[in-house]
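Encoded as structure tokens, the structure appears first; notes follow it.
The values are calculated or read from the model by the stated rules, or taken from the named source; none is laboratory data. Being a predicted model, the structure only gives us computed values, none of them experimental. Reconstructed Cβ throughout: ideal geometry from the backbone, glycine too, with neighbour counts over all protein chains shown.
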Amino acid sequence: MTLMKRRLSRTLIGFVSLLLPSLAHAAKPLLDTSLTFSQDGTAKVSQLSYQGTEKDAESNKIESALIFYAIVMNKSDEATRKSLMGSVQTAVGKIATDKGLQRANIVQGSPFIKPLGAAPNPATLIVAFGEEPGQGHTLELKPADTGNVPMAASVIYVFQDLTKNLSESGLRLLVLAMGGMNKYYRDVSPASAPESVSKAPAYGLNLAADIITNLSGGKK
């Protein structure tokens, strides 16, 4: 866990959120998260890792999800930001309970899970997480025009997938970082600020690392 925390915090410092297409295509792929929405508004999530070790793959899944949340918050209107932040905080409460970590259903009851209407084809999104040598990690959304994709719902579905599939230590780090990001938005800087795309996930991860360290008696 300690190695994961250090790695996540370090790589976020060099994160580049919006690369030019030429740079994005040059990035070394680390993880692809694919979402396919059906007409009823539900989505299927799948992840393809390009790294061999389970520890690296799990670290990439957590970091990618947090940065994706930050990007969607940054690009949304104020009403959507408020509602999404509330949904994520509700999810935190469902996962981190008085009885311990729960692999809760955080999609159920979400206000963002809505039918897509008369869409002729399923809405699809790939969240491509990579690494640009010398610049840190990158995140590219495919397609770049996400107008037909329910982005807030995508965040909830990505967090749901991780809630089901991460190790217990990974889930603990994720849920604490989710709550930490919301604290950043409440107390430090609004999600609309450009720098929030990198600083909110870093803040959330650092806060999560501090909490875990304190709970373990200060052991690194």
Residue within segment 49-60 that is under 16 Å from Thr138 (Cα atoms) and within 13 Å of the chain's Cα centre (by Cα) present: yes
Lone qualifier among Ser192, Ser196, Ser216 - being at pLDDT 95 or above, more than 19 Å from Phe129 (Cα to Cα) and not β-branched (Val, Ile, Thr): Ser192
Any hit, segment 179-187, residues being over 25 Å from Ala27 (Cβ atoms) and not in a helix (DSSP H, G or I): no
Residues of segment 166-177 classified as surrounded by fewer than 21 Cβ atoms within 10 Å (Cβ to Cβ) and either of a type in the set (Phe, Trp, Tyr) or in contact with a Leu (Cβ under 9 Å, 6 or more places away or on another chain) (or both), total: 4
Restricting segment 120-145 to residues that are of a type in the set (Gly, Ala, Ser) and surrounded by fewer than 13 Cβ atoms within 10 Å (Cβ to Cβ), the residue that is nearest to Thr36 (Cα to Cα): Ala144
Enumeration of residues in segment 36-70 that are part of a helix (DSSP H, G or I) and in contact with a strand residue (DSSP E or B) (Cβ under 7 Å, 6 or more places away or on another chain): Ala57, Asn60, Lys61, Glu63, Ser64, Ile67, Phe68
Hits in segment 69-85 - residues which are surrounded by 18 or more Cβ atoms within 10 Å (Cβ to Cβ) and within 17 Å of Ile106 (Cα to Cα): Tyr69, Leu84, Met85
Ala202 being of a type outside the set (D, E, K, R) and either farther than 22 Å from Asp56 by Cα or part of a helix (DSSP H, G or I) (or both): yes
First in segment 79-93 and on the phi > 0 side of the Ramachandran plot, second anywhere and outside any helix (DSSP H, G or I), Cβ under 6 Å, 6 or more apart: none
Selected residue (only one of Val88, Val107 is assigned to a loop (DSSP other than H, G, I, E, B), β-branched (Val, Ile, Thr) and either under 14 Å from the mean Cα position of the chain (by Cα) or crowded, with 19+ Cβ neighbours inside 10 Å (or both)): Val107
Any hit, segment 171-193, residues being among the small types (Gly, Ala, Ser) and farther than 23 Å from Ser76 by Cα: no
